[in-house]
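None of the figures in this text is laboratory data; all of them are computed from the coordinates on show. Remember, predicted model here, so these are calculated numbers, not experimental data.
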Amino acid sequence: MAQADAQRTKAWEGVLLLGDADTVAAARDWRWAVLQLERAARGIAGDDFDWVAAVRRADEGRDRFYDAARASLTVGSGDVAQARWLTDRHMNS
């Protein structure tokens, strides 16, 4: 876990160093959403924790981060969003 935390910290520092304001804000939101999932997995989330909604927030946060990062880098090769695809896949399985 310590090694994973160190790698996550290095990645976060890279986002802060190289990301524009929109990318950093999107990364912060995604990071927060994933932290809530981690807390639930560790059994320390509140009683009102909604796993499905939390996974959706994390999925959508990731999509916003990738959109912001790609816009910042002026990379445009189409939609890479996963949240909608994951929801559709879940609904059809």
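Could you work out how much longer the chain between Leu37 and Asp22 gets when fully extended? Use 0.36 nm per residue separation minus the Cα distance between them, nm to one decimal.
Gain in length upon complete extension: 3.1 nm.
Consider the candidate values (1) 14, 30, 30, 17, 8, 1; (2) 15, 38, 24, 14, 6, 3, 1; (3) 15, 38, 36, 10, 0; state which one is P(r) over Cα pairs in 10 Å bins from 0, in percent computed from the structure displayed.
Computing P(r) over Cα pairs in 10 Å bins from 0, in percent and matching it to (1) 14, 30, 30, 17, 8, 1; (2) 15, 38, 24, 14, 6, 3, 1; (3) 15, 38, 36, 10, 0 gives (3).
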